[in-house]
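Just below is one structure, and these are the notes that go with it.
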Amino acid sequence: MDFNDTPEEAEFRAEAQAFLSQNLNAKTPGALRSGGREDFLARAKAWQKIKAEGGFAQITWPKEMGGRGGTVMQQVIWGQEEAKFDAPTGPFAIGLGMCVPTVIAFGSDEHKKKYVRKALMGEDVWCQLFSEPAAGSDVAGLKTKAVKDGDEWVINGQKVWTSGAHYSDYGILLVRTDPNVPKHKGLTMFIVDMKQQGVEVRPIHQASGGSEFNEVYFTDVRIPDSDRLGEPGMGWKVALVTLMNERLAVGGSPGPDWKEIMDYARSAGTLSNQAFRDKLADWYVAAQGYKLTKFRTQTALSRGETPGPENAIGKIINANHLQDICNSAIEMQDHFGIIVDKDEAPSDAIFQESFMWAPGLRIAGGTDEILKNIIAERVLGLPQDVRVDKEKTFAEMN
Amino acid sequence: MNFDFSDDQKFLRDEARKFLEAQCTMAQVREVLDDDSKSHNDGVWKKIVEMGWLGAAIPEEYGGLGLGMLELCVIAEELGRTLAPVPFGSSAYFFAEALKLAGSEEQKLALLPKVADGSVIGCIAVSEGPGETAAGNIATRLKDGSITGKKIPVTDGDIATHAIVLVKDGSSASLVIVDLNHSGVTRKSIKTLEPTRSHAVISFDGATADLLGEAGNGMPLLDQINDRAAVLLAFEQLGGASRCLEMANAYAKERVAFGRAIGGNQAIKHKLADMYVKNEVARSNAYYGAWALSSDAAELPEAAAAARVAASEAFWYASKENIQTHGGMGFTWEVDCHLFYRRAKLLAVQAGSPAVWKEKLVSALEAKND
């Protein structure tokens, strides 16, 4: 039992570190987004290009796709090292992590030629268009429809919670092509050009005040049949491949943790409060539980094993943990805790800001409840929920 | 990154599990539960002694197998799964570890080989009354090499041959070793919530005592002993908590209500998912404790405390919600759920309650991040 790299891992880490320190600045709070959105996107594109040319983009992809042909463990190591620098990676996470691998898995040779390299080089940004206003946890119940018209499909409907839609060039789009079969069987996946006529992107004004996500409206959008991924009606299977890739993305800490609230309590003179100390112990145990469980996953990866659905626990722990810490920090500040103005609020208002983010974290990428169902059904083997729509056609249910 | 047990250690775990599933069944646990005259299951104990597990972490020069702390952690988890009704923890986690930590060469040579071969059963006697034991509230005192006072409760105190006793020594505290079969020691069994592990009241009246470690250093030494034992107790708790989840899971799949298995209901599914999450948090923290213990890391105090807090919470939650999942059946004497509920509480308060360990944890973090 140790926390050391194997000699091969250490060698790769050193190589990654050398490349990173040559090309990026060490992490400085606030520096990355100081130039605003447009500048951030330009920087992200530039960094993606440097990475791809250096052989560090998409480490697990095969070499013929422009990847490194490396291991998942190398990908994890790269992620750990890249996180120590001011690396603008966000805009490419979904495209290269989820969308383009789906194109590689189900697309034609022409698709691969046309899309993969440009995405890898940072020229094209991709988004994922699955969720809808009436289809969140039950995404297979989506309503956006595609109707065949000659060699084309005509798309009408609305997607929601699409990250990066406003700066994306392409998207993978899951739509209903047959309402007269049960919901999972009537879906089809397409590649969609986000810049074409009939695609309208509107930012969502989130409860947190910001607008990181979008609604996307499709009005008589035409997609050539040649841009279909997989057979008509096979869309759900294609989507599962996309979502499987989501699980391999290893998330970092989303906000203040036990250390930040302990530092705050010390500065505020409340560290000796017994009720606070009790909670602090619980937070430390949860944070360690999260971190050390990732170490166990990494150990499995390092041995060439594939992590399973048990990874769902990380997000359950993290999102609730963050919400609880922020809530306590605000209450510790008493009436003053309501202030979100950075000039006045303690700790640059990190607790107040994350307090308003936390509810979203408990929902995005699988709600607490869905993740618990996943653990119960796929790890513990408990029976599936009753699905009253299982044998019925989509049309009958809607 | 190699944050896991080795193949050899996993082999030991598998062998221990097979052995205990065959040799330490719930029927054997119940022999102790249902018979007030039984302090432990002697048949099970003799077989465990034969396996040499008591000496797993005792160096070969003191008669042990000289394997290591990670091996003892693996064994502890398996003993926890089967609710082994034997004084293993008292002898191996507390008594032997205390000797390894602070014993003189003479004490180690005299006692460790006998712990390893089972002819000495050790225990630790700290508590004298309700609440946390501190230097200021110990009444048992050491004077001219002998001790006088009363310790209650002492886990496995009625079957142990030797005890490490916390005593008042002048203005501070010391730890001493007492041979419980010598004159000046009277013992009486006492009923507890956990009848499958025996407990005693031990009265000392001028009993001969041998100092363990430096005079007056009792409290810091006790902290060190408890840090080491805490990791091992956490593995026992983890074993028990895992078993509770397995029991609840099996029952949820089999029990039918309203026309289907109750495990199809989200109220049950989410309860079991919560159990799983707590158990995994406990497992990861216990592994870190094991690493700190086996590598003599400076992080041991916070690692041990976190392991203990996480494991106490996991076993408590799993044991109470296992009963709940079983419904009325879970509240019967015949169904095993209550045995885990009882063991969970013993292991949570032995060597300090969760509140005590939370405070130790925060103090350690405070000292580090000053």
Calculate how steeply helix B:337-349 sits against the longest principal axis of the alpha-carbon atoms of chain B, using the helix alpha-carbon long axis, and give the answer as 0 to 90 degrees to the nearest 10. 40 degrees
For region A:7-88, give the percent of accessible area contributed by carbon and sulfur heavy atoms, probe 1.4 Å, rounded to a whole number. 53 percent
According to the square roots a ≥ b ≥ c of the eigenvalues of the Cα gyration tensor, what is the shape class of region B:158-253, taking rounded for a/c under 1.5, prolate for a/b larger than b/c otherwise, and oblate for the remainder? oblate
Interface call, region A:282-297: threshold 50 Å², probe 1.4 Å, accessible heavy-atom surface of protein chains, chain by itself vs complex, result A:284, A:285, A:292, A:296
So which residue, out of B:22, B:200, B:305, gets the largest mean-square fluctuation from a GNM of chain B using Cα contacts under 10 Å as springs? B:22
Number of partner chain Cβ atoms within 10 Å, mean per residue of B:264-272: 5
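Go ahead and estimate [θ] at 222 nm for the protein assembly as shown from helices alone: -39,500 (n - 2.57) per DSSP H run with n ≥ 4, summed, over the residue count, rounded to 500.
Values: 24 runs with 348 residues, N = 768.
Only helices count here, giving -14500 deg cm²/dmol.
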Most mobile listed residue (B:19, B:315, B:88) in chain B, GNM with C-alpha springs under 10 Å: B:19
Roughly how far apart, in whole Å, are the Cα centres of region B:203-265 and region B:280-323? 10 Å
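State which entries of A:51/A:279; A:63/A:84; A:195/A:390; B:10/B:271 exceed 32 angstrom in Cα-Cα distance in the structure shown. Kindly include the intermediate steps, with their values, before the conclusion.
Working: A:51/A:279 42 Å; A:63/A:84 26 Å; A:195/A:390 37 Å; B:10/B:271 29 Å.
Among A:51/A:279; A:63/A:84; A:195/A:390; B:10/B:271, the Cα-Cα distance tops 32 Å for A:51/A:279; A:195/A:390.
May I ask which of A:112/A:237; A:148/A:185; B:188/B:320; A:294/A:315 have a Cα-Cα span longer than 23 Å here?
On the way: A:112/A:237 19 Å; A:148/A:185 17 Å; B:188/B:320 31 Å; A:294/A:315 11 Å.
In this structure, B:188/B:320 lie more than 23 Å apart at Cα.
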Can you send over the carbon and sulfur percentage of the accessible area for chain B, probe radius 1.4 Å, protein chains only? 52 percent
Summing both sides, how much accessible area is buried between B and A? Use a 1.4 Å probe and give Å² to the nearest 100. 4300 Å²
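Net charge near residue B:172, counting Lys/Arg +1 and Asp/Glu -1 over other residues with Cβ under 12 Å of its Cβ?
Values: positive: B:141, B:168; negative: B:169, B:214.
Residues near residue B:172 contribute 0 overall.
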Where region B:7-116 is the region considered: accessible area per residue in Å², 1.4 Å probe: 39 Å²
Expressed as a whole number of Å, what is the distance separating the alpha-carbon centroids of region A:362-398 and region B:48-99? 45 Å
On a 0 to 90° scale, report how tilted helix B:42-51 is relative to the longest principal axis of chain B, with both axes built from alpha carbons and the result rounded to the nearest 10. 80 degrees
Acute angle (nearest 10 degrees) that the helix B:300-326 long axis makes with the longest principal axis of chain B, alpha-carbon atoms: 40 degrees
Given contacts defined as C-alpha pairs under 8 Å and at least six residues apart, what's the relative contact order of region B:219-368, whole-number percent? 30 percent
How high is the relative contact order of chain B, in percent, counting Cα pairs under 8 Å that sit 6 or more residues apart? 15 percent
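Please give the average number of partner chain Cβ atoms lying within 10 Å of the Cβ of each residue in B:347-355, rounded to a whole number.
The mean count of partner-chain Cβ atoms within 10 Å per residue comes to 1.
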Å² per residue, accessible surface of chain A at 1.4 Å: 48 Å²
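Using Cα pairs under 8 angstrom and six or more residues apart, how large is the relative contact order of chain A, in percent? Please list the in-between numbers first.
Numbers: 594 pairs, mean separation 50.0, N = 398.
Computed value for chain A: 13 percent relative contact order.
Tell me, what is the per residue accessible area of region B:123-252 in Å², probe radius 1.4 Å?
Values: 4900 Å² over 130 residues.
For region B:123-252, the per-residue accessible area is 38 Å².
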Charges on Cβ only, +1 for Lys and Arg, -1 for Asp and Glu, centred on the Cα centroid of the protein assembly as shown; of A:187, A:3, B:120, which one is farthest towards the dipole's positive end? A:187
How would you order B:125-135, A:353-363 from highest to lowest mean count of nearby Cβ atoms within 10 Å? A:353-363, B:125-135
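Report in % the part of the accessible area of region A:126-240 that belongs to carbon and sulfur, leaving out ligands and nucleic acids; probe 1.4 Å.
Working: 2420 of 4940 Å².
Answer for region A:126-240 is 49 percent, counting heavy atoms of protein chains only.
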Magnitude of the Cβ-charge dipole of the protein assembly as shown, K/R +1 and D/E -1, about the Cα centre, nearest 20 debye? 1400 debye
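Could you work out the mean count of beta carbons from other protein chains within 10 Å of each residue's beta carbon in B:247-259? Intermediate results must be reported in sequence, preceding the final value.
Numbers: counts 0, 1, 5, 1, 0, 4, 4, 0, 0, 0, 0, 0, 0.
Whole-number average of other-chain Cβ neighbours for B:247-259 is 1.
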Are there any residues in region B:1-27 with a reduction of at least 50 Å² in accessible surface when going from the isolated chain to the assembly of protein chains? Probe 1.4 Å, please list them by number. B:1, B:2, B:3
Could you give me the ³J(HN,Hα) list for region B:165-178, computed from phi with Karplus coefficients 6.51, -1.76, 1.60 and θ = phi - 60°, whole Hz, x at Gly and Pro? 10, 8, 10, 7, 9, x, 8, 10, 10, 9, 10, 10, 9, 10
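The values are calculated or read from the model by the stated rules, or taken from the named source; none is laboratory data. Remember, predicted model here, so these are calculated numbers, not experimental data. Positions of Cβ are generated from backbone atoms using ideal geometry, with glycine treated the same way; all protein chains shown enter the neighbour counts. In case anyone asks, the SASA skips ligands and DNA or RNA and just uses the protein heavy atoms, side chains included. Shrake-Rupley method; radii C 1.70, N 1.55, O 1.52, S 1.80 Å.
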